[in-house]
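The next block holds one structure in the form of structure tokens; read it before the comments.
The values are calculated or read from the model by the stated rules, or taken from the named source; none is laboratory data. Since the structure is predicted, the reported quantities are computational estimates derived from the model, not experimental observations. So basically every Cβ, Gly included, is an ideal-geometry build from the backbone, and we count neighbours across all protein chains shown. To get the accessible areas, we keep the full protein, side chains included, count just its heavy atoms, and leave off ligands, DNA and RNA. Shrake-Rupley method; radii C 1.70, N 1.55, O 1.52, S 1.80 Å.
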Amino acid sequence: MDQKKLIPAVIFIFHFIVIIAYHIFGYLGHFGYDDLHYARLAVDFSNGNVDFNDHFTFRFPLIILTALSYSVFGVSDFASSIPSLLITILTLVFVFVLLKNKNYITQLFGQSLTIFSSWFIFYSDKMMPDIYVAFSVMLALFILHQYKFGNKKHPILYSIGLSLALLFGFMAKETIILVVPLLLYFAIVDFIFKRDLKFWTYSISSGIVILAAYFILIWLLTGNVAKRFEAITSNSYLNLCSYDRQPVKILLERISFGFVGMLTYQGMLVGYIFVFIYLIRNNIKNYYKFIDSFSYWLVSAAILFLSSNFMTISVNSYSPMCLDPRHYLFLIPVVAIPAATLLNRFAETKENALLYILIFFVAATIAKSFPGETSWFHYVPLGVLILLFCFFKQHKLSKILFSILFVIVLAIMPFKSVVYARKVNYQKQKEIITEQVLRKYKDAVVVTDEVQKRLGNYFLEFDGNNTNSFINFDDFKPDSTTDKQNLLYLNWYTQYLSGMNNDELPAFAKNIHPSNKLVFENKDLKISIYEMNQVSILSAVGKQLLFSIIDFENTPIYWDLNGNTLSEAIKYEGEKSLLINEYSATFSYPLDSIPIQNFSKIIIASEVYCNFSDQTKASLVFSIENESGSYIWQGQQMNKYIKAFSNWWPVSYEFSIDSKEIKPNSNLKIYVWNIDKQKAFIDNFKVEITGLME
């Protein structure tokens, strides 16, 4: 093999090995929600059970390929990962083919910008449809590119290929709609300049026929041609991405700086920095006609960026795509093509160096204001590298050195992900639950958090006949009679994935009863397993000592409105709610009114419905104080409970306290502390005090 073929092959094999090595050493397991739901649907599909009321079922590429993998290899992490890994590698093949006639440095940059994008490689082995959408977009643009800049033979075959590629993406996930403005742009420009009209005629015709065939198939399977859309509607729910049901301010934040901010702090902006600076510094009129391969990919990257930011995904209202990096994986390989060419040009000429340095440090500043480490481990090193390169003498070796160092810097964030994955140690976690629960116990109920429950069912291959079962904390009924062994399984990592902290654990998990036997503990992974002989606090004899609610129709005893204003315009229930200032209405209760000495513990619980118009630092506060001041203070952040702004959401919290800790002449106060003083409403504020005697 001559050098012209060997080096490109080596570059591709290197990135192929990176994908496989990342999976072997950096596999983080499952999030526990959508991915394991797809796994269950794939298992059901392989068993001939299909639920067409679930809109995830209609994501056929993911479900069918995963089901085939399970049929061949069994239900396992290996089988779960194979389809996505193959799809990722095929996407890399497109990048390789598109750049194979470029020089070696350009090929290296293109493949590295794709694979070393931390989110792209992160999802390379996950059971999620977004990597399928990225593949579909690349396949569609690849087919169109090969037709337009190839020999232009067989327009019917290319048009059918384009339609099938888009159908594959549509079946994988509805977000493929974001590519429509780009294809529409290509068609309009070609129409204006009277180019490839036959191809577009065939494409539209074949697209209509293929889409009609798809809906006929849906009709044959379900009896309802619109079943997929009905399933989407019935499974939809109000969340932070429901921009059409929140204040206009939230929508404006999303389309003004939210999208760019997300790409920046998620480390997905590198390719676009080179593309947009090039477009700013050059006459865009030279590229909008996309008369060559470079301008084709340059225009594709730019329009997909704009479409991702501005286009609605709802036919009923204006609602752009949610700001989650996985939804935008398709941008990464597309922008990598023109960015690779521009990076190579920079390595040869050093043009726009000062502008690149400035933008990378601006990106680092923006990223620093968000969670994560992309500022110091991504943008700053890239900016420093470009700065240092400016002092290199123009030489072939300096260009090679810069290219290698650039790739190494791109690899920092994926490498840190591998380090984190090794710390989480999913394989060890899986081994613990397999060895310490599934093999050790044959008839047990494992009480745990939601994600660990889903993982447990996945490890059981979703076998409903297995004698072991997993339930979450909320579904556990400690007073139900059963012959099964109750196990309490506490896992810090899956609690984190479930959105729980230690304070939000149920009382029986926070206060382990002495008779409950610790049968396993791994302090490094923060995993504990208990045999529950008694359910701690819930097994105690409890007596309700007080229940009080203020619905703001009147002001009951122990409540003070604190000078806040009643509102009839916005309310959760009834006729009124409370527009709060810094401190809401306060519940104030003298604890000496309770015969504390008759109880071992006191449980204090509260729930309040809140309506905030934006992000908030507000807390639901519990304070026990005497004449010396507050000596017990508990606060529950409210923002995490808010799924969509300017809508009503319940926030609840409870904590227990040994009765001996309560000092004489103490007063309990419960209120909402609106620390940032933003406009907010509360309603149906409840307080309950329970005495427990074990």
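With respect to Val43, is the statement that it is assigned to a helix (DSSP H, G or I), aliphatic (A, V, I, L, M), open to solvent by less than 30 Å² (accessible area, probe 1.4 Å) and over 20 Å from Met413 (Cα atoms) true? Criteria met by Val43. Of everything listed in (1) in contact with a Lys or Arg (Cβ under 6 Å, 6 or more places away or on another chain); (2) free of Cβ contacts under 8 Å to residues at least 24 places away in the same chain, the single unmet condition for Asp443 is (2). For the range 503-515, residues that are outside any helix (DSSP H, G or I) and not polar (S, T, N, Q) total 5.
Among the residues making up the range 539-580, a single one is farther than 24 Å from Phe645 by Cα, of a type in the set (A, V, I, L, M, F, W, C) and without any contact (Cβ under 8 Å) to a residue 12 or more places away in the chain: Ile557. Only residues that are open to solvent by 60 Å² or more (accessible area, probe 1.4 Å) and touching a Leu at 6+ places or on another chain (Cβ under 7 Å) were counted across the range 632-670, and they come to 1. In summary, Gln3 fulfils each of the numbered conditions (1) loosely packed, with under 14 Cβ neighbours inside 10 Å; (2) in contact with a Ser or Thr (Cβ under 9 Å, 6 or more places away or on another chain) with the single exception of condition (2). Just one of the listed residues (Phe25, Phe56, Phe73, Phe78) is hydrophobic (A, V, I, L, M, F, W, C) and under 23 Å from Ala226 (Cβ atoms), namely Phe56. The criterion of at least 3 residues that are aliphatic (A, V, I, L, M) and free of Cβ contacts under 8 Å to residues at least 60 places away in the same chain is met, among strands (runs of 3 or more DSSP E) falling completely within the range 612-684, by 619-626. In the range 247-345, counting only helices (runs of 4 or more DSSP H) that sit wholly within it, the ones holding 2 or more residues that are crowded, with 21+ Cβ neighbours inside 10 Å span 259-265, 270-281, 293-310.
Looking across the range 602-631, the residues that are of a type in the set (A, V, I, L, M) and crowded, with 20+ Cβ neighbours inside 10 Å come down to Ile602, Ile603, Ile604, Val608, Ala618, Leu620, Val621, Ile624. Remark: pairs (first residue in the range 581-603, closer than 11 Å to Tyr671 by Cβ; second residue among the basic types (Lys, Arg) and open to solvent by 20 Å² or more (accessible area, probe 1.4 Å); Cβ separation under 6 Å; 6+ apart in sequence or on different chains) = Glu582/Lys677; Thr586/Lys669; Ser588/Lys669. Against the list (1) of a type in the set (Phe, Trp, Tyr); (2) open to solvent by 20 Å² or more (accessible area, probe 1.4 Å); (3) more than 25 Å from Ile632 (Cα to Cα), the condition Phe552 fails is (2). Within the range 206-234, the set of residues being touching a residue at least 24 places away in the same chain (Cβ under 8 Å), surrounded by 14 or more Cβ atoms within 10 Å (Cβ to Cβ) and not hydrophobic (A, V, I, L, M, F, W, C) comprises Ser206, Gly207, Tyr214, Thr222, Lys227, Arg228.
Of all the listed residues (Ile24, Ile64), the sole one being within 29 Å of Glu174 (Cα to Cα), among the β-branched types (Val, Ile, Thr) and within 25 Å of the chain's Cα centre (by Cα) is Ile64.
Looking at the structure I just gave you, is Gln485 of a type outside the set (D, E, K, R) and at pLDDT below 95? Yes: the conditions hold for Gln485. Scanning the range 584-598 for residues that are in a loop (DSSP other than H, G, I, E, B) and either open to solvent by 40 Å² or more (accessible area, probe 1.4 Å) or under 17 Å from Phe547 (Cα atoms) (or both) gives Ala585, Ile594, Pro595. I'd like to verify a number: residues in the range 131-151 that are surrounded by 24 or more Cβ atoms within 10 Å (Cβ to Cβ) and either among the polar types (S, T, N, Q) or touching a His at 6+ places or on another chain (Cβ under 8 Å) (or both), how many? Number of matching residues: 1. Between Ile115, Ile121, Ile131, Ile177, the distinction of being under 22 Å from Gly207 (Cα atoms) and not small (Gly, Ala, Ser) belongs to Ile177 only. A residue that is more than 16 Å from Gly271 (Cα to Cα), open to solvent by less than 80 Å² (accessible area, probe 1.4 Å) and within 23 Å of the chain's Cα centre (by Cα) can be found somewhere in the range 376-392. Applying the condition of being open to solvent by 30 Å² or more (accessible area, probe 1.4 Å) and of a type outside the set (A, V, I, L, M) to the range 159-191 and asking which residue is farthest from Ala226 (Cα to Cα) yields Phe191. Of the residues screened, Val75 is one that is at pLDDT 95 or above, open to solvent by 20 Å² or more (accessible area, probe 1.4 Å), aliphatic (A, V, I, L, M) and assigned to a loop (DSSP other than H, G, I, E, B).
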